[in-house]
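Structure first, then comments.
The values are calculated or read from the model by the stated rules, or taken from the named source; none is laboratory data. All values reported here derive from a predicted model rather than from experimental measurement. Neighbour counts run over all protein chains shown; Cβ positions are idealised from the backbone, glycine included. Note: accessible area is taken over every heavy atom of the protein model, side chains too, but ligands, DNA and RNA are not part of it. Shrake-Rupley method; radii C 1.70, N 1.55, O 1.52, S 1.80 Å.
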Amino acid sequence: MSIILDALKKAEKERQDQTSPEQPAQAPTPGPKKTSSVLMGIVVMMGLFGAGFLIYNHFLKDRFFTQQVATPVLQPKTIAAPSPDEEAAKLKDEALTLFYSEDYKKSERKWQQVVETTPNDADAYNSLGLTQKKMGDANSAYHSYEKALELKPDFPEALNNMAALYLERNQTDKAKDLLDRAIGLKNDYAEAYFHRAVASERLGELAKATTDYKKFLDLTPNIEPGLEGQIKMRLALMEAQKEKK
């Protein structure tokens, strides 16, 4: 009995299902307001993207790619011109070479260039004076020594050279004063002792002359034999004069 009842119930249920079928549930559709907001967001995002692209394209693109592909510009190498001191040093070397080869005229021209390049160079004026003296131009030599002493008053070599000119002009007192200054500045200056000995001998100061000649010999171990012989002869004559007195 239960089997037949169950079958009848099942059949009845299937009939009811066929006569009143359930409608499938529909998915809720968004309202018009929500749809408009989504669309507006999409439009704004696209606008921002487009604006960003335009800014990049017009303002940043060239700069960016220029930095990436630019190659360094090679600047031409320039050689610095020598300074006045460097130029003067080169000219001095050339002038000395010419002086020692006894080409005094060309040497003088070089020394002139030196003093034009470095007009406050007392050494250059002194060397110019020596060169002019070798050429027999005593007046030019005098002015060159004068300029050297103007630039450097305590310049033993220029004092000695000027004194030698005074001795040639028989201005012995002036010469001796300059030689005293030179030796006071440089007490081992052999040539200044020699010139002062000559000046003292002319002035009749034989004891001083003897002392300076001997000092000159002591300071000049490699003296030329001829000059050494002349000095020793002068010393012997002065000794003889002192004995007579």
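One table, with the values for the structure above:
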item	result
Residues being open to solvent by 100 Å² or more (accessible area, probe 1.4 Å) and either modelled with pLDDT of 90 or more or under 30 Å from Asp137 (Cα atoms) (or both) - total across the range 66-88	2
Cross-chain or 6+ apart pairs with Cβ under 6 Å, the range 180-193 first and under 13 Å from Phe155 (Cβ atoms), then open to solvent by 60 Å² or more (accessible area, probe 1.4 Å)	Leu185/Asp154
Where a residue in the range 224-242 is without any contact (Cβ under 8 Å) to a residue 60 or more places away in the chain and its partner, wherever it lies, is open to solvent by 100 Å² or more (accessible area, probe 1.4 Å), with Cβ under 9 Å and at least six apart	Ile231/Lys214; Leu235/Lys214
Of the criteria (1) in contact with a Lys or Arg (Cβ under 7 Å, 6 or more places away or on another chain); (2) within 26 Å of Ala122 (Cα to Cα), which one Asp212 fails	(2)
Where His143 falls short, out of the listed (1) under 30 Å from the mean Cα position of the chain (by Cα); (2) open to solvent by 80 Å² or more (accessible area, probe 1.4 Å); (3) not hydroxyl-bearing (Ser, Thr, Tyr)	(1)
Options Ala207, Ala236, Ala240, Ala175; residue that is at negative phi, part of a helix (DSSP H, G or I) and open to solvent by less than 40 Å² (accessible area, probe 1.4 Å)	Ala175
Pick from the range 89-131, criterion within 14 Å of Ala141 (Cα to Cα) and of a type in the set (S, T, N, Q), ranking: most open to solvent (accessible area, probe 1.4 Å)	Gln112
Within the range 196-223, tally of residues that are among the acidic types (Asp, Glu) and either more than 21 Å from Tyr166 (Cα to Cα) or in contact (Cβ under 8 Å) with a residue 40 or more places away in the chain (or both)	1
Residue within the range 130-141 that is among the small types (Gly, Ala, Ser), farther than 18 Å from Ala88 by Cβ and not in a helix (DSSP H, G or I) present	yes
Subset tally (residues that are assigned to a helix (DSSP H, G or I) and more than 14 Å from Tyr193 (Cβ to Cβ)) for the range 210-227	2
